[in-house]
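A.B. asks: Pasting a structure below so you can have a look.
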Amino acid sequence: MNTSDALSYALVLGASAALFHQAPARAAECVLPDTGEPIVTVNPKPFTVPPPSTCLVGGLPGGTGGLAGYILKATRTANITVSGVNVGTLYDRVYCLGTASTCDATNTFILATRVRMAATPVNFPARNPNCPLWSGTSNDCFEINNLFRNIRGTGVSLTASVSYWMGSGSTTGTDPDNSLAVKYLEYTGKTYKGLNQVVPPGAAADRDNGRVMYWADTNIFDPDGVNSVWSPWLFVSQNCPFGGATDHYVLTNFAIKYWQGGEETQIPTNIQAQAYACKTS
């Protein structure tokens with residue numbers, strides 16, 4: 001987050017409470033392009049407040065303001081670990097179109113992602129007292145600039161749609177269902193490149209149809225002075241036909257990637273971990 005955008009962020013903070021006490025936005029998804037430039041513009045810095053309706057929904061899937069008709073099928077939390085240090089928490093969920101506890105025959109699933117950065121002080125001289133010490137060569141708190149998730153599409157272009165929700169509670173809340181994010185989803189698309197690796201909208205050579213990218217800064221203590229402890233809720237929907245009468249999703253190694261792109265003085269860092277994914281056969 002560049003220091004020159006600090007005033008814009010301050011305006012975001014001041015407007016957030018009013019924004020999320022308005023009526024929820026009409027549920028909308030962005031269909032990601034399968035050819036050509038891979039990245040879709042959502043709400044880049046300096047942020048527009050109230051935000052444009054691009055990809056924006058007003059709640060969790062199946063809930064008030066969210067995409068209708070979905071039920072929760074799986075949920076888990078996991079530590080975000082960098083160099084053996086827990087720097088945050090992943091909230092990883094699967095929803096499907098269906099009723100009660102049964103997915104319907106459309107096999108339409110949403111992979112839902114949210115992260116919260118950890119505030120575990122490291123209190124000794126010359127080190128950052130605001131966050132876990134994850135690096136022996138940097139005092140910066142770990143920052144997530146981009147999240148990537150595996151989707152169906154390796155070798156084949158398959159429809160995938162993205163949406164996001166900022167939350168409706170407090171920026172200092174602890175409930176992942178409704179705590180409020182400060183910084184918006186800036187870009188999304190089918191690519192495995194993020195900050196300082198690609199310039200939106202990217203080129204055909206930057207495309208990866210087997211991944212979805214979310215560009216949303218999340219940091220417990222940002223050098224620009226505006227912190228966003230929570231990411232937005234980030235959703236991607238797809239048809240997941242494989243699995244028969246069993247679950248159509250599975251916990252998969254290397255299915256999520258966290259990218260710290262070095263926006264200020266941070267060390268560019270790539271962390272891959274387990275997450276839910278649609279079965280591919």
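A.B. asks: Kindly provide the set of residues from the stretch 133-157 that are among the small types (Gly, Ala, Ser), farther than 20 Å from residue 204 by Cβ and open to solvent by 40 Å² or more (accessible area, probe 1.4 Å), ordered by number. Please lay out each step first, then the result.
C.D. replies: Quick first cut of the stretch 133-157, residues among the small types (Gly, Ala, Ser) only: 135-136, 138, 153, 155, 157.
Adding the requirement that they be farther than 20 Å from residue 204 by Cβ leaves 135-136, 138.
136, the sole residue that qualifies.
A.B. asks: Considering only the stretch 60-83, state which residues are in contact with a Phe, Trp or Tyr (Cβ under 8 Å, 6 or more places away or on another chain), over 21 Å from residue 181 (Cα atoms) and of a type outside the set (A, V, I, L, M, F, W, C).
C.D. replies: Result: 70, 73, 83.
A.B. asks: What number goes with the only condition from (1) modelled with pLDDT of 50 or more; (2) over 26 Å from residue 158 (Cβ atoms); (3) among the β-branched types (Val, Ile, Thr); (4) buried (at least 17 other Cβ atoms within 10 Å of the Cβ) that residue 39 does not pass?
C.D. replies: So residue 39 meets the others, but not (2).
A.B. asks: Working only within the stretch 249-264, note down all residues that are in contact with a Pro (Cβ under 7 Å, 6 or more places away or on another chain) and at negative phi.
C.D. replies: If we filter the stretch 249-264 for residues that are in contact with a Pro (Cβ under 7 Å, 6 or more places away or on another chain), which is where we start, we get 260-262, 264.
Once the filter is applied, which keeps residues that are in contact with a Pro (Cβ under 7 Å, 6 or more places away or on another chain) and at negative phi, the stretch 249-264 yields 260, 261, 264.
A.B. asks: I'd like the full set of residues that are closer than 15 Å to residue 40 by Cβ, surrounded by fewer than 22 Cβ atoms within 10 Å (Cβ to Cβ), out of contact with any Ser or Thr (no Cβ under 6 Å at 6 or more places or on another chain) and not acidic (Asp, Glu), limited to the stretch 158-195.
C.D. replies: Step one: filter the stretch 158-195 for residues closer than 15 Å to residue 40 by Cβ, giving 159-164, 184-191, 193-194.
Checking which are surrounded by fewer than 22 Cβ atoms within 10 Å (Cβ to Cβ) leaves us with 159, 161, 186.
Next, from what is left, pick out any that are out of contact with any Ser or Thr (no Cβ under 6 Å at 6 or more places or on another chain): 159, 186.
Listed by number, the list holds a single entry, 159.
The values are calculated or read from the model by the stated rules, or taken from the named source; none is laboratory data. Remember, it's a predicted structure, so these values are computed and weren't measured experimentally. Positions of Cβ are generated from backbone atoms using ideal geometry, with glycine treated the same way; all protein chains shown enter the neighbour counts. Heads up: the accessible areas ignore ligands, DNA and RNA and are worked out on the full protein's heavy atoms, side chains in. Shrake-Rupley method; radii C 1.70, N 1.55, O 1.52, S 1.80 Å.
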